[in-house]
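In what follows, a structure is listed as structure tokens, so that the remarks can point back to it.
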Number of protein chains: 2
Amino acid sequence: MIRVLLVHETPLLRSALAAALGADPELRVEATSWREASEGDRITRADVCVVDTDTPEPGAPDRHLPLLDLGRRLRAGSTALLVLAATGRPGLVRRATEAGALGYVSKDAEPDRLAKAIRMTAEGHRYVDEALAPDFIGATTIPLTPRELHVLSLIADGCSPAEIADRLHLSRGTVRNYVAAVTRKTGARNRVDAVRVSREAGWI
Amino acid sequence: MIRVLLVHETPLLRSALAAALGADPELRVEATSWREASEGDRITRADVCVVDTDTPEPGAPDRHLPLLDLGRRLRAGSTALLVLAATGRPGLVRRATEAGALGYVSKDAEPDRLAKAIRMTAEGHRYVDEALAPDFIGATTIPLTPRELHVLSLIADGCSPAEIADRLHLSRGTVRNYVAAVTRKTGARNRVDAVRVSREAGWI
């Protein structure tokens, strides 16, 4: 019997996924939200923690932080981290790698592939969906520095260059340089476009 | 027996939702993607067509169009449209209303609530989740005109004001006025922020 903790932000889809996995007699599935998963010791009592990397939480600029934090806590126990990722978004794969994920399942897959990945990772084996392979290559070539990513996420959050300068204790000229670098490196037409491009790639 | 066509863009979640609903002996569930749903006559052979309003299709600026188009085709037959919507995004509810949806189920609900809504709408009754009621009120008070929404969606797509002026055959001054109006009306700090605010509300 494999104990699975499924973490997903959308209750309807979370329940459905838990029901689909729960039909497998070898899996004992518990489903929860990010917030609940981060409290108590539920996650470390599971053999495998399945997490959707794309948590659409409007208005949460640090929405990608929980994965890193979750990974840190899982490594302290013996729970394997298995992520669900949309294809074509190398930033998601990169964050999952940084969080120490052992399994990577494409959201284009069928639930039986996910069940297979759960079995593999429960035994300590790595599992990577073929469909995500190009994103692993993309994930190693992120064009932006951590500082540039920080500036870009503040832009995405609606901050003006002046506000960013204040918040990061930089001159406005320096912020302008960062914005120009981000726009150029992402091949974007302007800063709104840089936000769009980077969000689609999963960098921010 | 109620024939249900489930339209969702993410195969893994689509299969899981279909499996969860399919456990109900009264429902015969078929699942498909937007693209497949819009071809042939599958949708009009169903009693109820269940659609997730939030189709995260990166790089598709007209990603909200299919719902209107789908609604038009369903009205031609006798298939009821039932939408799944995240709460707090009145723009999604508004688009669903415009598409002629009969059922509105919150994605915070459990699958058994969705099954109930499917039964109601299959019999021609309206079904609205209580959790979505505030969004119906919000949906009637969209602050932006169709033209302003068009300008905003072009900004969101990465167009510069000059490009927008060219595409809409407007002067740059007029575009600047639209951008200023959009920013003011959405209570945003700047145009990037206006895109963020409007996307979160589901207007674009």
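A short reminder: the numbers here are calculations on the coordinates, not readings from a lab. Note that the coordinates shown come from a computational prediction; the quantities given were computed from them, not determined experimentally. Methodologically, a virtual Cβ is constructed for each residue, glycine included, from the backbone with ideal geometry; neighbour enumeration extends over all protein chains shown.
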| query | Helix A:172-185 versus the longest principal axis of chain A: what is the Cα-based angle in degrees, 0 to 90, to the nearest 10? | reply | 60 degrees
| query | Along its principal axes, what span do the Cα atoms of the protein assembly as shown show, with the longest given first and each in whole Å? | reply | 61, 55, 35
| request: Put a label point 7 Å from Cα along the Cβ direction on B:Asn177, then list its distances to the equivalent points in the other copies in nm, shortest first. | output: 4.0
| request: Calculate the translational D of chain B in whole µm² s⁻¹ from Stokes-Einstein, where the hydrodynamic radius comes from the Kirkwood formula applied to all Cα pairs, the temperature is 10 °C and the viscosity 1.306 mPa s. | output: 89 µm²/s
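Within 10 Å of each Cβ in A:192-200, how many Cβ atoms from other chains are there, averaged over the peptide? Write down the numbers at each step before the final one.
Working: counts 13, 6, 2, 5, 9, 3, 0, 2, 3.
Counting Cβ atoms of other protein chains within 10 Å of each residue's Cβ and averaging gives 5.
Would you mind giving the mean number of other chain beta-carbons within 10 Å of the Cβ of each residue in A:37-47, as a whole number?
Numbers: counts 0, 0, 0, 0, 0, 0, 0, 0, 0, 0, 0.
The mean count of partner-chain Cβ atoms within 10 Å per residue comes to 0.
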| message | Angle check, please: helix A:146-156 long axis (alpha carbons) against the longest principal axis of chain A (alpha carbons), in degrees 0 to 90, nearest 10. | response | 90 degrees
| task | Starting from the Kirkwood radius over alpha-carbon pairs of the range A:115-204, derive D by Stokes-Einstein at 37 °C in a medium of 0.692 mPa s and give it in µm² s⁻¹. | result | 220 µm²/s
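Can you sort A:Arg189, B:Arg35 so the residue with the fewest Cβ neighbours within 10 Å comes first?
Working: A:Arg189 16, B:Arg35 10.
So the ranking, lowest neighbour count to highest, is B:Arg35, A:Arg189.
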| request: At a Cα cut-off below 24 Å, give the lysines reachable from B:Lys107, other chains included and same-chain residues fewer than 8 away excluded. | output: A:Lys107, B:Lys116
| query | Hey, for A:Glu36 with labels 7 Å out along Cα-Cβ, what do the inter-copy distances come to in nm, ordered shortest first? | reply | 3.1
| task | Note the angle between two axes, namely the Cα long axis of helix A:11-22 and the longest principal axis of the Cα atoms of chain A, as a number of degrees from 0 to 90, rounded to the nearest 10. | result | 40 degrees
